[in-house]
Each structure stands twice: as C-alpha cells, then as structure tokens.
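Notes to accompany the following structure.
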Amino acid sequence: MTPAELFLDHSADLFKRVREQLPAIQETADLFAKTILAGQMVHVFGSGHSRILVEEMWPRYGSFPGFNPIVELSLTFHNLVVGANGQRQAMFLENVSGLAARILRNFDLKAGDSALVVSSSGCNVVPVEMAEEFQRRGVKVVALISKDHAEASTTRHPGGKKLQDFADIVLDTGAPVGDAMVKIEGLETPVAPGSTVGGCLIVNAVKAEVAQRLTQAGQPPKVLTAGVLVGGVKATALFEAAYDEHARRLAPYYQGLGV
C-alpha cells in the first residue's frame with residue numbers, strides 16, 4: 001500500500017472509534033445545549049495544535065454562537081517556528097503552572113457554564129490546570145484527548161494529574177501513541193498525525209447534535225453559512241446576527257470582574 005492509502009485506512013479506523021463513542025457524544029451535546037439554551041457559553045480551550053479544534057468549533061462555516069474560543073497566541077502561534085514568538089517558547093509556556101488561572105482571571109464564569117478542553121496527550125500543564133480551574137469554579141468539563149497516547153505519556157502537572165482526571169466526560173480522538181499513523185520504509189519515525197482527523201469528527205458530531213437540540217427547543221442557531229447556499233444578502237445577515245449574538249453572550253463574562 002502507498003503511504004497515502006495507509007493514512008486513509010488508519011483514518012477510517014478513527015471513524016469507527018468515534019462512532020463507538022456516540023453515547024458520550026450525545027451526553028456532551030446534552031450538556032452543551034443546556035448551557036447555550038440558558039443564554040450562557042461553552043468555553044473551548046486548546047493549546048499548541050489543539051487550537052485547530054477550538055477554531056473548528058467556532059467561528060467557521062457551519063458553526064453557531066454559544067461557544068467561547070479561548071486561544072492564547074503565546075501558546076499557539078507556530079508560524080515563525082524559531083526566533084521571536086517561536087515554537088520553543090510556546091512549548092515552554094504550555095507547561096508553566098499558574099498560567100491557566102491567569103487566563104481564566106479574564107472571565108466571570110457562571111454556574112451552568114460548560115467547557116471543552118482539548119489536549120492530545122492530556123499531560124501538558126496548562127490544559128490540565130485549565131480543566132482543574134473550570135471544575136473548581138463549578139463548570140462541567142469535557143476533555144478531548146487521544147486516549148492511548150495520553151495513557152502512555154508522562155504528565156508534567158505538578159500534582160501528577162492528567163486532563164482526564166479533571167473531566168466529567170472524556171472523548172477520544174482515537175489517534176495512536178505518538179499520534180503519527182504512517183510508517184515509511186527506511187524512515188525511523190512515523191509521519192502523518194491522526195488526532196486532528198479524529199478530533200474534527202468528534203467536534204462536528206457534537207456540533208450537529210447541539211444544533212438539533214437548540215432547534216427542537218425553539219431556539220434554532222444562527223449558523224454561519226456560505227452565500228452560495230443562501231445568497232449573499234442572507235449570508236451577510238446571518239454572519240452579522242451570529243457575531244452580535246456572540247458579543248451579547250460574552251459581555252456578561254466581563255461585567256462582574258473585580259466587583
């Protein structure tokens with residue numbers, strides 16, 4: 001088989017692994033829909049390349065308000081690789097204890113909020129402490145990890161905990177230990193990671209279930225939709241309405257700070 005065929009075959013296995021988690025996906029959708037129907041927000045956090053799944057949830061085509069993407073550039077800005085704002089600094093900061101609490105100091109979290117914290121290894125300090133902080137403040141947490149990889153990895157959390165230790169629900173991308181899925185003859189290390197594939201499947205499965213629940217409850221979401229589907233005027237109106245709703249939902253999370 002060619003490397004591309006191997007990657008596609010392994011990706012098909014990820015589809016199967018995600019499908020096996022439908023009960024947990026439904027439970028997650030129930031939790032998130034309850035939060036959004038209450039006029040509150042689902043906080044979504046990921047450091048490193050987990051940022052991809054945060055942005056997959058919102059805001060992009062086919063997504064809708066109700067999710068608060070918490071993305072720190074200092075932890076996720078990989079473009080320069082080296083030099084100022086390079087990857088070494090981001091990887092260092094990802095394991096600085098106390099940073100998660102400083103990030104959440106910017107938000108007046110509410111009872112009834114929920115959160116999705118993404119980390120393939122579940123072992124870096126900031127995402128683990130982010131989940132810990134959410135739970136400490138009464139926010140229910142869904143962890144999205146690569147279970148096999150997380151269980152095989154050594155945590156850097158000062159208390160020896162992993163992300164799944166601070167989660168009410170755990171979802172698994174299905175990616176293997178080390179994440180990369182394709183072995184090349186003559187190359188010592190595998191290539192082509194799977195966590196993004198499995199993670200995107202889970203995120204969008206949850207998103208679709210939440211949309212159904214909101215619609216059935218009489219609060220259909222304002223979905224960011226391409227003009228080629230609904231026409232330019234309606235697409236623009238949907239974008240503006242969705243962004244305005246996001247702003248209204250987010251505003252209360254700043255009002256109580258320092259009071």
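The values are calculated or read from the model by the stated rules, or taken from the named source; none is laboratory data. Computed from a prediction, not measured in an experiment: that's the story for all the values here. Every residue, glycine as well, gets a Cβ built from its backbone with ideal geometry; the counts of neighbours run over all protein chains shown. Heads up: the accessible areas ignore ligands, DNA and RNA and are worked out on the full protein's heavy atoms, side chains in. Shrake-Rupley method; radii C 1.70, N 1.55, O 1.52, S 1.80 Å.
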Log entry, pairs with first residue in region 215-232 being within 9 Å of Phe64 (Cβ to Cβ) and in contact (Cβ under 8 Å) with a residue 40 or more places away in the chain, second being in a helix (DSSP H, G or I) and aliphatic (A, V, I, L, M), beta carbons closer than 7 Å, six or more apart or on different chains, reads Pro221/Ala211; Pro221/Leu214; Lys222/Leu238; Lys222/Ala241; Lys222/Ala242; Val223/Leu238; Leu224/Leu238; Leu224/Ala242
Enumeration of residues in region 197-217 that are open to solvent by 50 Å² or more (accessible area, probe 1.4 Å) and within 15 Å of Val44 (Cβ to Cβ): Asn204
Taking region 195-212 and keeping only residues that are out of contact with any Asp or Glu (no Cβ under 7 Å at 6 or more places or on another chain) and either β-branched (Val, Ile, Thr) or more than 25 Å from Ser50 (Cβ to Cβ) (or both), one is left with Thr196, Val197, Ile202, Val206, Val210, Gln212
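Here's the yes/no breakdown for (1) under 20 Å from the mean Cα position of the chain (by Cα); (2) surrounded by 14 or more Cβ atoms within 10 Å (Cβ to Cβ); (3) aliphatic (A, V, I, L, M); (4) closer than 19 Å to Ser50 by Cβ:
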| position | (1), (2), (3), (4) |
| --- | --- |
| Asp148 | yes, yes, no, yes |
| Thr154 | no, no, no, yes |
| Gly159 | no, no, no, no |
| Ala167 | yes, yes, yes, yes |
| Leu171 | yes, yes, yes, yes |
| Gly174 | yes, yes, no, yes |
| Pro193 | yes, yes, no, yes |
Cβ pairs under 6 Å, 6+ apart, first in region 103-117 and on the phi < 0 side of the Ramachandran plot, second open to solvent by 60 Å² or more (accessible area, probe 1.4 Å) and outside any loop (DSSP other than H, G, I, E, B): Ser114/Lys140
Answer yes if at least one residue in region 86-99 is within 23 Å of Ala175 (Cβ to Cβ), among the polar types (S, T, N, Q), buried (at least 20 other Cβ atoms within 10 Å of the Cβ) and touching a residue at least 40 places away in the same chain (Cβ under 8 Å), and no otherwise. no
Consider Lys183 carefully, then state whether it is more than 20 Å from the chain's Cα centre (by Cα), among the basic types (Lys, Arg) and farther than 30 Å from Ala4 by Cα. no
Check Arg105 against each of (1) among the basic types (Lys, Arg); (2) surrounded by fewer than 14 Cβ atoms within 10 Å (Cβ to Cβ); (3) closer than 30 Å to Ala205 by Cβ and name the one condition it does not meet. (3)
Looking at region 48-65, which of its residues are closer than 23 Å to Val128 by Cα, in contact with a helix residue (DSSP H, G or I) (Cβ under 9 Å, 6 or more places away or on another chain) and not hydroxyl-bearing (Ser, Thr, Tyr)? Gly48, His49, Arg51, Ile52, Leu53, Val54, Glu56, Met57, Trp58
